[in-house]
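The values are calculated or read from the model by the stated rules, or taken from the named source; none is laboratory data. Please read all numbers here as calculations on a predicted model, not as lab measurements. When we count neighbours, we look across all protein chains shown, and the Cβ atoms used for this are built from the backbone with ideal geometry, even at glycine. Note: areas computed on protein heavy atoms with side chains; ligands, DNA, RNA excluded. Shrake-Rupley method; radii C 1.70, N 1.55, O 1.52, S 1.80 Å.
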Amino acid sequence: MARYEPKTAEPRQQARWAQANAFVTRDTGRPKYYVLEMFPYPSGNIHMGHARNYVMGDVVARSKRAQGFDVLHPMGWDAFGMPAENAAMERGIHPKGWTYSNIATMREQLKLLGLSLDWSREFATCDPEYYGKQQAWFLELYRRGLVYRKDGVVNWDPVDNTVLANEQVIDGRGWRSGAVVEKRKLNQWFLRITDYADDLIEGLKTLDRWPEKVRLMQENWIGRSKGLQMTWAFAGPAPEGFDAGVEIYTTRPDTLFGASFLGLAPDHPLSKQLAEADPRVAEFVAKCREGGTSQADIEQAEKIGWDTGLKVRHPFTGADVPVWIANFILSEYGTGAIFACPAHDQRDLDFARKYDLPVIPVVRPEGAGDDFAVDDEAYVGPGTIFHSDFLDGLDIEAAKAEAVRRVEAAGTGQGATIYRLRDWGVSRQRYWGCPIPIIHCPSCGPVEVPADQLPVELPEDVTFDTPGNPLDRHPTWKHVKCPSCGAEATRETDTLDTFVDSSWYFARFTDPKAAQPIDKAAADRWLPVDQYIGGVEHAVLHLLYARFVTRALSDAGLMDVKEPFAGLFTQGMVVHETYRRPDGQWVEPTDVELSNDGGVRSARQRSTGETLTIGDIEKMSKSKKNVVAPAEILESHGVDAGRLFVLSDSPPERDVQWTPGGVEGASRFVQRAWSLFDAYDPAFAGEDKANADLLRETHKAVKAVSEGVEGFRFNSAIAKLYAFVATIRDNDKAGGEARRQALSALARLIAPFTPHLAEECWSRLGEDGMVLDAPWPVWDAALAADDEVVLPIQINGKRRAEIRVARGMEPSAVEALVLADETVKARLEGLSVKKIVVVKDRIVNLVAG
RNA sequence: GCGGGCGUGGCGAAACUGGUAGACGCAACGGACUUAAAAUCCGUCGGGCGCAAGCCCUUGCCGGUUCGACCCCGGCCGCCCGCACCA
């Protein structure tokens, strides 16, 4: 009996696949299936989280291929971004060289995993060929009015004189300089994603193969709310420029009669104007800007306000209402001004109590009388409107409608829908990104780079020894003639947010060499992606941007699909125990061994007798040193065991804990499975009964594994495979056709998980081609069912006996048998049966008393 | 605060639509093989009582619906994730 040797078998099969060009996409007119895993950032190494992600995709790709689909399963690189610039700054390496060298390393690492990827379609987003096409469609959207310029706020590091990304701001300070970061306004490019806000919400309803959680997160992120936008006129002279009054937004027009004050955000234009005129107001507004922006700070921040002394007139009662500036009002949401109804809004109530402003209840809960009052807790529940003139007696929804109707009739406002979602600021003051293909001309303004001059390529002779954008200080790159008038002009030196790069790559994969950004025929053939797989951390930004860009490009005629990803699966992480020395230093798993007292110790520090503390189980990370590299596993147990383990121990959406024992278990399975094939003797005919049993077990296994794979329950599917292997092994009286069928099915069922092993097994069976191209086994429901079933017999809900009957036996017949059963009779001694429940082929329950 | 998810052996977990709770794996323990170890194979493995047949308890807690509840409903407790002064 020969041991299975992954070290020789795996390279052998990979060479075979390579030789046959086995993974080049077939387009033969059969139904298509597009499987895509979120492409990686080329950080330098493939880690276990990548591996799990791609193995899941590979299981889908291989099983769909076996089921007869034309499968598209490409891979590429999300290659622009800051780490490359950081490497340039820290180590003097050019971002381009660093990135492409990482890609080369990671490509080789990925290839070792035996993934069925079509490498002929590979590209990196930093290839000029790719980003040039991106520039082309960017200009198309520009012409369509979906791209525009306005002032946007950036994080500015005053010491390094540079713009910082949000992740470079730590506790309000620049990560490199440590200087307190300022907010600065810069003229920047935006994509009009808000044009699609409604459509992006509506589209979520069609995504029935997305996790509910992700759909909710997107819906909340877009944050649509319906309400009333209206203007409150000043009582008395209006401040200059505010003759019409102050415009507010509310979702609670039903509570207008409970208005107690009008609130302005500190950044509201009127607040600013007042601050310019009065230093005390300026001081107050400045005070509002103080304090951290962390969650804890916001939670604890006390509400503070400033009475402007101004009064506005209540739209219904005509009463004077004071205008306050308040720190809890957001300038970016709605109109930056509100009317406050303290009785029915907790924030307003806190504020009103502090500044002794009126609290007027106008919604009465059921059962409460006209004396209903609130103390320190605002009433936000359902009820009936009171103290509200013409709204009295209405419920909340009716009152909202009526209030809006009245305001609209008076001409001072209208019903309005607003969104939390802002337009997408895509300008980055960085080098390593896609250049924005615009030329600024002093007389013509922003001018498109003509199509024949695309791509606008990044210059390579740049330096990173000073902070700021190298494109901006490059001696020649930005100086060009205006394409429109020929005058001296300058290029835009901002580059695009890398989320733009990843918002359409799935479409480019359908024909990565196309002259157009997207080949319409190819996109029509392959899109949408049938199964997209990646981390939940992209639930909002990447997935929302991709949905938006897909709509925009489809509206521009580049393709014809609304939703890019028909199915989405968000997989869990690979986690590992952490280990620390007494001095707090982290210790790598490879350096950890069991000590004599049952604890763990560092192998390298064995002599000191020092014990390690086992810490939390956390995501594998360099900082905690709890990393196991995929390469280590290939070396020790082989790819297949590793592939099997990352899917076997937990449901795919949940985190899986990497343990050495777990991989060994997977490795043992590989050996056990192989030994069945290795010992296969076609000449052994077997015994009839055993053959029939094995045949039935085969159909059962095919059914269970197929359903597990289809339903993304890979852990359950693998458990069934383990059980099936045990069944075949234990059933040593079975041979002949039954055994051949069992092994044939087994080889095909394990193929998506352990493809190298499966090929070896397939060959051992004497099959000619590759298991890769063998059809997925089918099961026969009749053959998969047992002839006899064991029915548990419950008496008063407790299991007391069991009975073996023919499958499908009618309840009346079962009933007779049960009542005749000796055990049951003994049990029923002295009791009378009141009711008998028989569920066919399932269970019997006797109710007796 | 709002929204979502989860709670099952020593551990990771399974249980299709309400029908034998704990499949499969890990760890542990016992045994076989071996001079020995590793590897492999066989067996035990939720808790309690019992010589045994068997009985009782057990899916975070309390209650409900049902012939029957890990599953459905109500209420609590705990953990995780997302958003968050969004009017």
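Restricted to segment A:725-735, and to residues there that are over 45 Å from the mean Cα position of the chain (by Cα) and open to solvent by less than 20 Å² (accessible area, probe 1.4 Å), the residue that is nearest to RNA strand B (Cβ to nearest atom) is A:A734. The residues on offer are A:A641, A:A666, and the sole one that is within 17 Å of A:P752 (Cβ to Cβ), buried (at least 20 other Cβ atoms within 10 Å of the Cβ), of a type in the set (G, A, S) and in contact with a His (Cβ under 8 Å, 6 or more places away or on another chain) is A:A666.
Scanning segment A:178-194 for residues that are in contact (Cβ under 8 Å) with a residue 40 or more places away in the chain and either in a loop (DSSP other than H, G, I, E, B) or touching a Phe, Trp or Tyr at 6+ places or on another chain (Cβ under 9 Å) (or both) gives A:L186, A:W189, A:F190, A:L191, A:R192, A:I193, A:T194.
The lone criterion from (1) of a type outside the set (S, T, N, Q); (2) open to solvent by 40 Å² or more (accessible area, probe 1.4 Å); (3) over 43 Å from the mean Cα position of the chain (by Cα) left unmet by A:L357 is number (2). Looking across segment A:353-362 at every residue that is in contact with a strand residue (DSSP E or B) (Cβ under 9 Å, 6 or more places away or on another chain) and more than 13 Å from RNA strand B (Cβ to nearest atom), the one that is nearest to A:I396 (Cα to Cα) is identified as A:V362. Of all residues in segment A:1-13, those that are crowded, with 19+ Cβ neighbours inside 10 Å and either part of a helix (DSSP H, G or I) or of a type in the set (V, I, T) (or both) total 4. Of the residues in segment A:166-177, none is among the hydrophobic types (A, V, I, L, M, F, W, C), modelled with pLDDT under 90, more than 22 Å from A:G81 (Cα to Cα) and open to solvent by 90 Å² or more (accessible area, probe 1.4 Å). Among the residues of segment A:575-589, at least one is surrounded by 15 or more Cβ atoms within 10 Å (Cβ to Cβ) and basic (K, R). Determine if segment A:447-470 includes at least one residue that is open to solvent by less than 40 Å² (accessible area, probe 1.4 Å), closer than 30 Å to A:L544 by Cβ and aromatic (F, W, Y). Within segment A:447-470, not a single residue is open to solvent by less than 40 Å² (accessible area, probe 1.4 Å), closer than 30 Å to A:L544 by Cβ and aromatic (F, W, Y). For segment A:781-790, a residue qualifies if it is part of a loop (DSSP other than H, G, I, E, B) and either among the hydrophobic types (A, V, I, L, M, F, W, C) or open to solvent by less than 70 Å² (accessible area, probe 1.4 Å) (or both), and the qualifying residues are A:A781, A:A782, A:L783, A:A784, A:A785, A:D786. Being closer than 30 Å to A:S43 by Cα and part of a helix (DSSP H, G or I) is true of A:T550. Answer yes or no: is there a residue in segment A:68-79 that is out of contact with any His (no Cβ under 6 Å at 6 or more places or on another chain) and assigned to a helix (DSSP H, G or I). Scanning segment A:68-79, I find no residue that is out of contact with any His (no Cβ under 6 Å at 6 or more places or on another chain) and assigned to a helix (DSSP H, G or I), so the answer is no.
Considered as a group, the residues in segment A:195-233 that are within 13 Å of RNA strand B (Cβ to nearest atom) and part of a loop (DSSP other than H, G, I, E, B) include one that is most open to solvent (accessible area, probe 1.4 Å), and that residue is A:R224. Applying the selection to segment A:694-716, what residues are farther than 21 Å from A:V59 by Cβ and of a type in the set (D, E, K, R)? Those that are farther than 21 Å from A:V59 by Cβ and of a type in the set (D, E, K, R): A:R696, A:E697.
Could you check, for segment A:794-808, whether at least one of its residues is away from RNA strand B (no atom under 12 Å from the Cβ) and open to solvent by 40 Å² or more (accessible area, probe 1.4 Å)? Among the residues of segment A:794-808, at least one is away from RNA strand B (no atom under 12 Å from the Cβ) and open to solvent by 40 Å² or more (accessible area, probe 1.4 Å), which makes the answer yes.
Let's see how each residue does on (1) within 28 Å of A:I438 (Cβ to Cβ); (2) open to solvent by less than 10 Å² (accessible area, probe 1.4 Å):
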residue	(1), (2)
A:A84	yes, yes
A:A87	no, yes
A:N102	no, no
A:R107	no, no
A:K111	no, no
A:L117	no, yes
A:S120	no, no
A:E129	yes, no
A:Q135	yes, yes
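Scanning segment A:420-438 for residues that are outside any loop (DSSP other than H, G, I, E, B) and open to solvent by 10 Å² or more (accessible area, probe 1.4 Å) yields A:G425, A:R428. For segment A:806-845, the set of residues classified as touching a Pro at 6+ places or on another chain (Cβ under 7 Å) and assigned to a loop (DSSP other than H, G, I, E, B) consists of A:K840 only.
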